[in-house]
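What follows is a short report on a single structure.
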Amino acid sequence: MGFLADKKILITGLLSNRSIAYGIAKACKREGATLAFTYVNDKLKDRVVEMASELGSDIVLRCDVSSDEEIAAMAADLGKVWDKVDGVVHSIGFAPREALSGDYLDSVSREAFQIAHDISSYSFAALAKALRPQLADNAALLTLSYLGAERAVVNYNVMGLAKASLEANVRYMASALGAQGIRVNGISAGPIKTLAAAGIAGFSKILHHVEESAPLKRNVTIEEVGNVAAFLLSDLSSAVTGEIMHVDAGYSTVAAGMGE
Ligand SMILES: NC(=O)c1ccc[n+]([C@@H]2O[C@H](COP(=O)([O-])OP(=O)(O)OC[C@H]3O[C@@H](n4cnc5c(N)ncnc54)[C@H](O)[C@@H]3O)[C@@H](O)[C@H]2O)c1
């Protein structure tokens, strides 16, 4: 019996076996959780159904988080199969590709700003709003952030602003839901080569830089992020809320020159 036995956890953002959501799902399954998944559009449905099945789940629901109707329909469908939800993983981020390279002011636009904040930050609150009546009394919600929220990172541009908003969302959601015993946390993951990361110009350089300068002298894996996610979704972290935990091989703790 794992430490997530009896927990029902909804996981969004599963796209490939490199997705951070995949690492989280594997760790949650290992610890005994029952899982449900979402996919963004019909083109991707079969792929997610197949991965869900590998992970022991046949609950796969459509949910493009840019649509309030799709979020509401997903919550209603989930309510038909689960009496309560113990955990929600928000592993979703998006900004138009042209906004993720070059000079920040040249690349940013009102439209890119709105899309990035809508899909990458507001959607976490939107999911919580829709699922609130179904959340168990000690449910845990979790999202994925990145250091670009706290520091200017080359080419990350408007996504950094959206992640800063997402991290503030974690704190406000934790306050809003805390009286019900529901916890809300984020993981600020080190860079990992996923499909979303491929949209960021010069991403390989960032991976290399972390390898050279992080205290652990390497990058992190989706399995390592998954383990921390499983902990934050479990009762082992019952007093942790409103927190952004770095899972980044220590990169965010050092300044230039350390360890050289
Ligand atoms: N890869 C990294 O280096 C890294 C580091 C820190 C944080 N993150 C964050 O982790 C999360 C997961 O990304 P990933 O790196 O696993 O990449 P990924 O490409 O595997 O996952 C991104 C997911 O977002 C989903 N998505 C995009 N638009 C959506 C929409 N409108 N509705 C619903 N889903 C939508 C995609 O379908 C996909 O499943 C993102 O929030 C990302 O910003 C990634």
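Observations, loosely collected:
- Residues in the range 10-23 that are over 16 Å from residue 49 (Cβ atoms) and surrounded by fewer than 23 Cβ atoms within 10 Å (Cβ to Cβ): 18 alone.
- If the condition is being assigned to a helix (DSSP H, G or I) and farther than 17 Å from residue 207 by Cβ, then the range 142-165 contributes 149, 158, 160, 161, 162, 163, 164, 165.
- Residue 193 being modelled with pLDDT of 95 or more, among the basic types (Lys, Arg) and more than 21 Å from the chain's Cα centre (by Cα): no
- Residue within the range 197-206 that is modelled with pLDDT of 95 or more, among the small types (Gly, Ala, Ser) and within 16 Å of the ligand (Cβ to nearest atom) present: no
- From 7, 26, 43, residue being farther than 23 Å from residue 156 by Cα, at pLDDT 95 or above and surrounded by fewer than 17 Cβ atoms within 10 Å (Cβ to Cβ): 43
- Scanning the range 50-71 for residues that are exposed (fewer than 15 other Cβ atoms within 10 Å of the Cβ), more than 10 Å from the ligand (Cβ to nearest atom) and without any contact (Cβ under 8 Å) to a residue 40 or more places away in the chain yields a total of 6.
- The C-beta contact set for the range 187-208 (first residue aromatic (Phe, Trp, Tyr), second residue modelled with pLDDT under 95, distance under 7 angstrom, 6+ apart or interchain) comprises 203/197.
Yes/no matrix, rows are residues, columns are (1) within 12 Å of the ligand (Cβ to nearest atom); (2) surrounded by 24 or more Cβ atoms within 10 Å (Cβ to Cβ):
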{"site": "121", "(1), (2)": "yes, yes"}
{"site": "131", "(1), (2)": "no, no"}
{"site": "141", "(1), (2)": "no, yes"}
{"site": "147", "(1), (2)": "yes, no"}
{"site": "152", "(1), (2)": "no, no"}
{"site": "156", "(1), (2)": "yes, yes"}
{"site": "161", "(1), (2)": "no, no"}
{"site": "164", "(1), (2)": "no, no"}
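- Taking the range 221-258 as the range and being assigned to a loop (DSSP other than H, G, I, E, B) and closer than 28 Å to residue 30 by Cα as the test, the residues that pass are 221, 234, 238, 239, 240, 241, 242, 243, 248, 249, 250.
- Positions within the range 166-185 being open to solvent by less than 20 Å² (accessible area, probe 1.4 Å) and not in a helix (DSSP H, G or I), in sequence order: 182, 183, 184, 185
- Residues (surrounded by 16 or more Cβ atoms within 10 Å (Cβ to Cβ) and not in a helix (DSSP H, G or I)) located in the range 202-220: 214, 219, 220
The values are calculated or read from the model by the stated rules, or taken from the named source; none is laboratory data. Note that the coordinates shown come from a computational prediction; the quantities given were computed from them, not determined experimentally. A quick note on method: Cβ atoms are made from the backbone with ideal geometry, for glycine too, and the neighbour counts reach across all protein chains shown. Quick note on the areas: whole protein, heavy atoms, side chains included, nothing else; ligands and nucleic acids left out. Shrake-Rupley method; radii C 1.70, N 1.55, O 1.52, S 1.80 Å.
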